[in-house]
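Asks: Pasting in a structure now, in structure tokens, and then I'll have a few things to ask.
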Amino acid sequence: NSGVMTLLRPLLVDVIPTIQQTAALAIGRLANYNDDLAEAVVKENILPQLMCSLSEQNRFYKKAAAFVLRAVGKHSPQLAQAVVQCGALEMLVVCLEDFDPGVKEAASWALGYIARHNSELSQAVVDAGTVPLLVLCIQEPEIALKRIAASTLSDISKHSPELAQTVVEAGAIAHLAQMILNPDAKLKRQVLSALSQIAKHSVDLAELVVEAEIFPVVFTCLKDSDEYVKKNGATLIREIAKHTPELSQLIVNAGGVAAVIDCIGSCRGTVRLPGIMMLGYVAAHSENLSMAVIVSKGIPPLCACLLEEHEDHIKAAAAWALGQIGRHTPEHARAVAVANVLPTLLAMYMDIHSSEDLQMKATLKSILQKCTYLPALEPLLHNAPPNIMKHIVGQFSKVLPHDSKARRLFVTTGGLKKIQEIKAEPGSLLQEYINTINNCYPEEIVMYYSPGYSEILLERVENYHPV
């Protein structure tokens, strides 16, 4: 407000280098603070001034200049575009070729902040020729430089298959894969993130990541003490598993499902999310892969997530994964039903406070249509809403005609009585199911359990005249 920007601008071309650097640093700190100040830097025409004599400047000035570009570019795509338009990318490429690791780091950081906004800006960063230089940076000995270069490659790759392909063609995958076992947690986070952003786009890209022999090495990350390493490791496995049954099978064979299940059991909150989804994707592909999740004891931790987590989106993911496991055959559905999770899902579906997404994922429909394990279905008869009730009654109507034990049990547990209390539309599917069930029993038994039957009996007593 005091007009400081206008005063700082001429200091960028002062004869004394220290004054230039300090002025650049001050501008960078102002711009970093919020987008209004970053806007002011652009409006005051400070960026061209910053660039004008950069190639002759020393490393301190280059670092400060890159910091200004990063501070302006980080706030919005529009501000990042302003940075690109003033010719900053050419200058940042010059900095990436600098001898000093600190200059490379500052440049890489600025490029990442520009590339992360959208695919156009990311493409501009690629077109400036940065990718091969960034791949060289991840091979440098300095950990800080490796971290930020990996992060920038991740920011470039995330937008589209074409951008990820550019990163792959520069040979990034092999170098990233070698660093999965690096002891530095922050570096591992960035490396796993970059590989995930490459693998997520297509089967071909995922296969290239797998060919870099990341399995079973990446499973060690799921036991890491750093939560973000765990989360990014699970995300990478998820992004590969989602593409095809073959890729999922490869992860299963390498021991990936068991490793992810352990990981879900050992952490809380959003760290669990990618692991939960990975199990859902694996189970969705085929009966055998779903069975692999069941055999590896994947259902109990998913049930635990439903009960322990407070965030609706995590519960919704767990409900979705359980649905994917149970939807294949009666055997699969039984495995889910035996875990006593159906009443929990039904309660979430009916809870008015549940998010729309959670209600949709907790409908039970896919599991119910396959479930023939009646003891798990019976408790649901007492409070399911009509749209779910028809699926439950439908399953009873399939099983009871062929199973005398189940018929007897259905009477003694009060199921038959409950069925008589259901008000179904005449001619509806639900009414058909109820008729099928009633036909399994003698007429007087059905009468006995029908509402109002006791009154009819009493009336008969009253009207009865003994001889």
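The values are calculated or read from the model by the stated rules, or taken from the named source; none is laboratory data. Since this is a predicted model, take the numbers as computed values, not measurements. Cβ atoms come from the backbone with ideal geometry, glycine included; neighbour counts cover every protein chain shown. Calculation scope for accessible area: heavy atoms of the full protein, side chains included, ligands and nucleic acids excluded. Shrake-Rupley method; radii C 1.70, N 1.55, O 1.52, S 1.80 Å.
Asks: How large, in percent, is the carbon and sulfur part of the accessible surface of segment 89-208 at a probe radius of 1.4 Å?
Replies: Within segment 89-208, the accessible surface is 52 percent carbon and sulfur.
Asks: Shifting gears a bit: Using each residue's phi in segment 103-108, evaluate 6.51 cos²θ - 1.76 cosθ + 1.60 at θ = phi - 60° and report the 3J(HN,Hα) Karplus result to the nearest Hz, with x for Gly and Pro.
Replies: 5, 4, 4, 4, 5, 4
Asks: What is the dipole size for segment 213-371, taken about its Cα centre, with +1 at each Lys and Arg Cβ and -1 at each Asp and Glu Cβ, in debye to the nearest 20?
Replies: 340 debye
Asks: On to the next question. Diagonalise the Cα gyration tensor of segment 255-388 and give the resulting equivalent ellipsoid semi-axes, square root of 5 times each eigenvalue, largest first, whole Å.
Replies: After scaling each eigenvalue by five and taking roots: 22, 18, 11 Å.
Asks: What list of ³J(HN,Hα) values in whole Hz, one per residue of segment 185-191 in order, does the Karplus curve 6.51 cos²θ - 1.76 cosθ + 1.60 (θ = phi - 60°) give from phi, with Gly and Pro shown as x?
Replies: Per-residue couplings from phi come out as 4, 5, 5, 4, 3, 5, 5 Hz.
Asks: What's the long-distance tail for segment 1-62, i.e. % of Cα pairs beyond 19 Å?
Replies: 23 percent
Asks: Tell me, what is the per residue accessible area of segment 85-151 in Å², probe radius 1.4 Å?
Replies: I get 37 Å² per residue for segment 85-151.
Asks: I've got another one for you. Work out the length of the dipole vector of the chain about its Cα centre, built from +1 on the beta-carbon of each Lys and Arg and -1 on the beta-carbon of each Asp and Glu, and round it to the nearest 20 debye.
Replies: Dipole of the chain, to the nearest 20 debye: 800 debye.
Asks: Contact order normalised by length for segment 213-371, with contacts defined as Cα pairs under 8 Å and 6 or more residues apart; what percent is it?
Replies: The normalised contact order for segment 213-371 reaches 19 percent.
Asks: On to the next question. Along Cα→Cβ, 7 Å out, is where each label goes; now give me the distance between the ones at residue 340 and residue 182 in nm to one decimal.
Replies: Reported label-point gap for residue 340 and residue 182 is 4.8 nm.
Asks: Sort out for me the Cα centre separation of segment 1-40 from segment 56-99, rounded to whole Å.
Replies: 14 Å
Asks: Moving on. Can you work out ³J(HN,Hα) from phi for every residue in segment 167-183, in order, using Karplus 6.51 cos²θ - 1.76 cosθ + 1.60 and θ = phi - 60°, giving whole Hz and x for Gly and Pro?
Replies: My calculation for segment 167-183 gives 5, 5, 5, 7, x, 5, 4, 4, 5, 5, 4, 5, 9, 4, 9, 4, x Hz in order.
Asks: Same structure again: Kirkwood-based Rg over Rh for segment 246-294 (C-alpha set), two decimals?
Replies: 0.97
Asks: Among 332, 290, 278, whose Cα sits farthest toward the positive end of the charge dipole of segment 213-371 (+1 at Cβ of Lys/Arg, -1 at Cβ of Asp/Glu, about the Cα centre)?
Replies: Working it through, the farthest residue towards the positive pole turns out to be 332.
Asks: Which pairs in the list 74/104; 315/418; 297/405; 158/186 are over 24 Å apart, alpha-carbon to alpha-carbon?
Replies: Table pairs above 24 Å Cα-Cα are 315/418; 297/405.
Asks: With the Cα gyration tensor of segment 372-466 in hand, give its eigenvalues times 5 under a square root as the equivalent ellipsoid semi-axes, listed largest first in whole angstrom.
Replies: 26, 15, 12
Asks: Related question: Place a point 7 Å from the Cα of residue 142 along the Cα-to-Cβ direction; which residues of segment 92-126 have their backbone N under 12 Å from it?
Replies: Of the residues in segment 92-126, 96-109 have backbone N under 12 Å from the label point off residue 142.
Asks: So if R0 is 51 Å, what FRET efficiency would residue 418 and residue 223 give, r being the distance between their Cβ atoms, rounded to the nearest 0.05?
Replies: With R0 = 51 Å, the Cβ-Cβ based efficiency is 0.60.
Asks: Could you tell me which residue out of 354, 123, 156 lies farthest along the dipole of the chain toward its positive end? Charges go on the beta carbon: Lys and Arg +1, Asp and Glu -1, centred on the Cα centre.
Replies: Working it through, the farthest residue towards the positive pole turns out to be 354.
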